[in-house]
Amino acid sequence: MDEFSLIQRYFSRHARAGHEGVVLGVGDDAAVLRPSPGHDLVMATDTLVSGRHFPADMTAFDIGWRSLAVNLSDLAAMGARPLWCLLSLTLPEADERWLAGFADGFYALADETGVALVGGDTVRGSLSVTIQVVGQVPANKALRRSGACPGDRICMGGTPGEAALGLRQWQQGVHQGDAVERLCRPLPQLVLGEKLRSVASACIDVSDGVLADLGHLLDASGGLGADLRVDGFPDTPLFAGLSRQERLALQCHGGDDYLLLFTLPPVFNRPQGCLELGRVAAQPGIRLHDGNGELLSLPGSGWNHFSSQGDG
């Protein structure tokens with residue numbers, strides 16, 4: 001199968017579907033797209049490498065889903081509604097069974113979130129997936145990492161650490177269960193992102209761990225700090241059997257959650273289903289307090305692509 005046959009067979013579904021704003025999609029030298037009047041375009045791209053960003057033995061369906069999900073999560077963090085995407089797929093060989101599974105996973109999430117695949121590329125090499133997503137947001141309404149202020153509440157769109165637990169279980173040979181599901185098929189919080197446009201002072205998606213990504217948000221907001229409460233990190237049934245120290249290490253430092261972490265001025269109510277982890281502080285640094293107000297210290301750090309850490 002040559003490159004053009006591969007694209008036609010597995011990645012041309014949206015070319016025939018007539019999606020919003022697509023003047024010309026898959027099949028030409030480039031796509032022609034038309035955003036809505038009065039909107040800003042929001043674009044993001046990520047590359048996922050086998051054995052580094054997903055386990056080499058993950059199913060093709062889950063790789064397709066996950067590759068799109070992590071990119072859509074970046075749009076969610078900006079409060080953008082996704083519209084289109086481009087896919088660059090590097091393959092060691094044209095394995096039709098693998099391609100069918102990957103395409104099914106990719107399109108399952110694309111159709112659920114209203115994203116149209118409008119172009120891309122395929123090349124031969126070690127397995128990696130690069131996706132560029134394009135969305136739109138009303139002019140001047142995009143969320144940013146900057147904007148947090150002392151006294152703002154630090155909130156999160158769900159329980160952190162569950163995907164990190166799923167990765168630990170996968171590495172131990174357990175490839176099923178709720179935690180593994182969190183790892184393989186993250187759900188980008190697009191609806192929440194749009195709701196936060198009018199209330200959040202700053203927002204980021206958690207890919208590298210709560211403390212690492214919160215640090216990025218605080219730095220972008222002028223070098224602020226944070227005081228977090230240990231009771232803000234819930235002990236859910238997924239963490240059964242772990243000590244508090246083990247659970248908190250996963251919840252503070254584990255990556256791959258792809259949940260939104262945002263700051264909320266006190267005047268606004270916390271969105272339903274979101275957690276409150278603590279408060280933004282003027283004093284730089286992130287501090288974690290136990291129920292008695294005592295400071296806790298946790299080993300480890302967030303994900304770093306260029307460190308000597310293992311696969312993630």
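The values are calculated or read from the model by the stated rules, or taken from the named source; none is laboratory data. Quantities reported herein were computed from a predicted structural model and do not represent experimental measurements. With ideal geometry, Cβ positions are generated from the backbone for all residues, glycine too; neighbour counts draw on all protein chains shown.
Being under 20 Å from LEU260 (Cβ atoms) and among the polar types (S, T, N, Q) is the filter; apply it to region 16-71 and report the residue that is surrounded by the most Cβ atoms within 10 Å (Cβ to Cβ). For region 16-71, the residue satisfying everything is ASN71.
Just one of the listed residues (LEU214, LEU218, LEU183) is of a type outside the set (D, E, K, R) and either more than 23 Å from LEU48 (Cα to Cα) or outside any helix (DSSP H, G or I) (or both), namely LEU218. Restricting attention to region 12-26, the residues that are under 26 Å from ASP95 (Cα atoms) and at pLDDT 75 or above total 2.
So that you can scan it fast, the table gives a plain yes or no per residue for (1) buried (at least 17 other Cβ atoms within 10 Å of the Cβ); (2) in contact with a helix residue (DSSP H, G or I) (Cβ under 8 Å, 6 or more places away or on another chain); (3) closer than 30 Å to LEU109 by Cα:
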{"site": "LEU192", "(1), (2), (3)": "yes, yes, yes"}
{"site": "LEU196", "(1), (2), (3)": "yes, no, yes"}
{"site": "ALA200", "(1), (2), (3)": "yes, no, yes"}
{"site": "CYS203", "(1), (2), (3)": "yes, yes, yes"}
{"site": "GLY209", "(1), (2), (3)": "yes, yes, yes"}
{"site": "GLY222", "(1), (2), (3)": "no, no, no"}
{"site": "VAL267", "(1), (2), (3)": "no, no, no"}
{"site": "VAL280", "(1), (2), (3)": "yes, yes, no"}
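The residue that is surrounded by the fewest Cβ atoms within 10 Å (Cβ to Cβ), among those in region 90-143 that are at positive phi and outside any strand (DSSP E or B), is ASN140. Regarding region 207-221, can at least one residue be identified that is at pLDDT below 90 and within 30 Å of ASP57 (Cβ to Cβ)? No, region 207-221 has no match at all. Residues of region 33-73 that are part of a loop (DSSP other than H, G, I, E, B) and hydroxyl-bearing (Ser, Thr, Tyr): SER36, THR59.
Would you call LEU260 touching a Cys at 6+ places or on another chain (Cβ under 8 Å) and under 27 Å from PRO150 (Cβ atoms)? First the steps, then the outcome.
On the way: touching a Cys at 6+ places or on another chain (Cβ under 8 Å): yes; under 27 Å from PRO150 (Cβ atoms): yes.
Here the answer is yes, as LEU260 does meet what is asked.
Annotation for region 222-239: at least one member residue is without any contact (Cβ under 8 Å) to a residue 24 or more places away in the chain and not basic (Lys, Arg). Restricting the first member to region 258-271 and to residues that are closer than 7 Å to ASP152 by Cβ, and the second to residues that are polar (S, T, N, Q), the beta-carbon pairs closer than 6 Å and six or more apart or on different chains are THR263/SER201; PRO265/SER201.
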